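The structure appears right after this line, and notes come after that.
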Amino acid sequence: LRDGGPLGLAGVALLLMAAGAGARPRPAVPGDQPRSNVVLVACDSLDGRLTFFPGNQTVDLPSINFMKRRGTVFLNAYTNSPICCPSRAAMWSGLFTHITESWNNFKGLDPDYVTWMDLMEKHGYHTQKFGKLDFTSGHHSVSNRVEAWTRDVNFLLRQEGRPMVKLTGHRKQFRVMEKDWQNTDKAVNWIKEEAVNFTQPFILYLGLNLPHPYPSPYAGENFGSSTFLTSPYWLEKVNYEAIKIPKWSSLSEMHPVDYYSSYTKNCTGEFTKEEVRNIRAFYYAMCAETDAMLGEIISALRDTGLLGKTIVIFTADHGELAMEHRQFYKMSMYEGSSHIPLLVMGPGLREQQQIPNVVSLVDIYPTMLDIARIPVPQNLSGYSLIPLLREKAESEVSPRGPRPSWVLSEFHGCNVNSSVYMLRTGKWKYITYSDGSSVLPQLFDLTADPDELTNLAIKFPVTVHSLDKILRSIVNYPKVSSTVHEYNKQQFISWKQSLGQNYSSVIANLRWHQDWLKDQKKYENAIDKWL
């Protein structure tokens, strides 16, 4: 801490001077050198576009800027599934969502799944985890599960509180998300009291809840998390002039899946420009608080002399739409939701490097093994980032050959009434749904249309066909959609049977209760028809 507040710009300047940062490659690390320590800070819901121009003009993120000076920022990093548990399952397993069958927030990895951290521990690393993990099955609310299982039912119900902002505390209050700060404190203390004494390398993981929005205070626990909460301290880090007000299609022009998402997220009502600007500003302020926690970790490594021996990785499970495309939260393949931050710095890695290659969370697993000099299994979906970070020819390093020129993301959870698949390659983003024919696909040219407002799928059928062919070579997506459809039905039937006579009362009082209770019979009948 500096002057009672988190590491400020002056602190980062000192760090830069101490590090002797410059635009030069670091010397390569020979095989007989000690293996690097690793720190992974993974936050929740940070839009990756805030880590480079022009998104970085909206909010002051000094710790992220420090990592950019000392290391590498990936300009096209994506989640493999834009929701908490499935995205984290991809990161901890190195496998695509359809392979681990991590379909929704309730269905992730088995508790005894062997992660990269388990392997690193087996190969001599000290390991420590603090904060949010959320990659195993059996968690999240009943509402969350039931909404995912019933997404094929022919009804429309609002499942969230209307997104809103709330200012708390005063101009000197920086510890707003207390739970995250407590976990950051634990990680800092662990570095200063334990890690500093190790003779073997360590891997430290810190999982943050921010900048995920907070629970809706006015709706009780049965509603969602639709409150963007911050203090004046963080709001002052936001450049209001740089906040872009997103363009919206009219409700009648929206893609049918987008309309379902917007409706279930309670976003189809009227919003003033001021409301939208505030939601975005408060979200950016929450990102600034997240950045300060990252800064505390970097400071602790510097203070203990460990910074030069440690590879630091910063990322997120997914992004946040913050009212783009008339939605908040994630569960979408639009950039705000699917584009994640990924920054890496450390010994032997290049500095001040911006990497345009498409990468994704499944790449974390092989990267960790590469750092620890553990042989990388051939069956992983991901590829090590180390060749990109060290600018080596990948074919020299990986027996699997060069990394593909595409990334895959897929979504099978709540607030979306279809399985969704996204292929990102070159300037194109191709999004297809369900069986590939029953719902209109989307094609965006991200170079010409970074806000994804013009669907080119009908205009460029040859491009759609070629991208769809690549996608089908990676995953038989109509078959996966069918599998998820059956899984949802079976899970719902089991849940319904477990409730017996309480079923009608329980289902009526989930997060959608405000709509459901207006016509209980109608919605129960819709479910019966689906079953």
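The values are calculated or read from the model by the stated rules, or taken from the named source; none is laboratory data. The structure displayed is predicted, hence computed values, not measured ones. We place every Cβ from the backbone using ideal geometry, glycine too, and count neighbours over all the protein chains shown. SASA here: full protein model, heavy atoms, side chains in, ligands and nucleic acids out. Shrake-Rupley method; radii C 1.70, N 1.55, O 1.52, S 1.80 Å.
Which residue, of T115, T58, is touching a Phe, Trp or Tyr at 6+ places or on another chain (Cβ under 7 Å), farther than 28 Å from S405 by Cα and among the β-branched types (V, I, T)?
The match here is T58.
Would region 419-429 turn up any residue that is within 20 Å of T79 (Cβ to Cβ), open to solvent by less than 20 Å² (accessible area, probe 1.4 Å) and touching a Lys or Arg at 6+ places or on another chain (Cβ under 8 Å)?
yes
Please determine, by comparing only the residues of region 436-469 that are surrounded by fewer than 16 Cβ atoms within 10 Å (Cβ to Cβ) and charged (D, E, K, R), which one is farthest from H325 (Cα to Cα).
Once the filter is applied, the top-ranked residue is K469.
Out of all the residues in region 120-149, which are under 22 Å from D515 (Cα atoms), surrounded by fewer than 19 Cβ atoms within 10 Å (Cβ to Cβ) and modelled with pLDDT of 85 or more?
Correct list: V142 only.
Does R49 satisfy being out of contact with any His (no Cβ under 6 Å at 6 or more places or on another chain), open to solvent by 10 Å² or more (accessible area, probe 1.4 Å) and among the charged types (D, E, K, R)?
Criteria not met by R49.
Across region 336-359, what is the number of residues that are within 29 Å of I431 (Cα to Cα) and open to solvent by 10 Å² or more (accessible area, probe 1.4 Å)?
Residues meeting the conditions: 4.
Among the residues of region 87-146, write down those that are of a type in the set (F, W, Y) and outside any loop (DSSP other than H, G, I, E, B).
First pass over region 87-146, keeping only residues of a type in the set (F, W, Y): 92, 96, 103, 106, 113, 116, 125, 130, 135.
Those that are of a type in the set (F, W, Y) and outside any loop (DSSP other than H, G, I, E, B): W92, W116, F130.
Select from region 496-519 the residues that are under 17 Å from K107 (Cβ atoms) and modelled with pLDDT under 95 and list them in ascending order. Outline the logic, then answer.
We begin by selecting, within region 496-519, every residue under 17 Å from K107 (Cβ atoms); these are 498.
Answer for region 496-519, where residues must be under 17 Å from K107 (Cβ atoms) and modelled with pLDDT under 95: there is none.
S337 - would you say it is in contact (Cβ under 8 Å) with a residue 40 or more places away in the chain, within 24 Å of L423 (Cβ to Cβ), part of a loop (DSSP other than H, G, I, E, B) and polar (S, T, N, Q)?
Judged against the criteria, S337 is not a match.
In region 457-473, what residues are touching a strand residue (DSSP E or B) at 6+ places or on another chain (Cβ under 9 Å) and among the small types (G, A, S)?
As a first pass, look at region 457-473 and keep what is touching a strand residue (DSSP E or B) at 6+ places or on another chain (Cβ under 9 Å): 457-460, 463-464, 467-468, 470-471.
Scanning region 457-473 gives a single hit, A457.
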